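Notes follow the structure.
The values are calculated or read from the model by the stated rules, or taken from the named source; none is laboratory data. Model, not experiment: these values are computed from the prediction. A quick note on method: Cβ atoms are made from the backbone with ideal geometry, for glycine too, and the neighbour counts reach across all protein chains shown.
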Amino acid sequence: MKRLRKKVLGGTSLALSLFMLSACGSEVATTTGASVDTSALQEKIAGLEKKLVEQGAKSSEQEQKIAELEAKLNELSTNVIAVGEAGGQTPAASGNNGSAGKGDGVLITFAQYEKLEVGMSVEDVIEILGGEGEALSEAENMVVYNYKGTAGNGANAVIAFQGGKLLTKAQSGLN
């Protein structure tokens, strides 16, 4: 009985050792003389390594986006603190000149242009035109916008705000 147990344990140990060696990526001769091909395992490992590299690239992109968002958050926090220190009000002279640099590509007609009057607020102008044009320049208290015309022949309008009020307007080729 002891001999039979030793033979079974020895055979099991040999089979386990062969299995371990084959899992390590080498070809192992079995007791029957056949060999175990590990190329399928190596392909799986290569596939997993590729996925790991891809995940690393995605992680880097996400870290960059997070850093950009944190910078924007810090900027907004600074602005909120500045407004809070000023008693919750922005300086009266500056007014709202719109969001310079964030043009929305709205097109303008001559009929819309004619409705604009010097002294109108930015909000009133945006309501008439349906959005903001492209900001051409921005100074401390002044923003100049360009609106493309609907005619598509190079027609446009230039509108300037100072202190949140329409200062001047000009057009070319609007029909």
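So here's what we get for this one:
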{"item": "Residues of segment 100-140 classified as in a loop (DSSP other than H, G, I, E, B), within 16 Å of Gly163 (Cβ to Cβ) and modelled with pLDDT under 90, total", "result": "3"}
{"item": "Positions within segment 152-175 being at negative phi, assigned to a loop (DSSP other than H, G, I, E, B), touching a residue at least 40 places away in the same chain (Cβ under 8 Å) and buried (at least 18 other Cβ atoms within 10 Å of the Cβ), in sequence order", "result": "Leu174"}
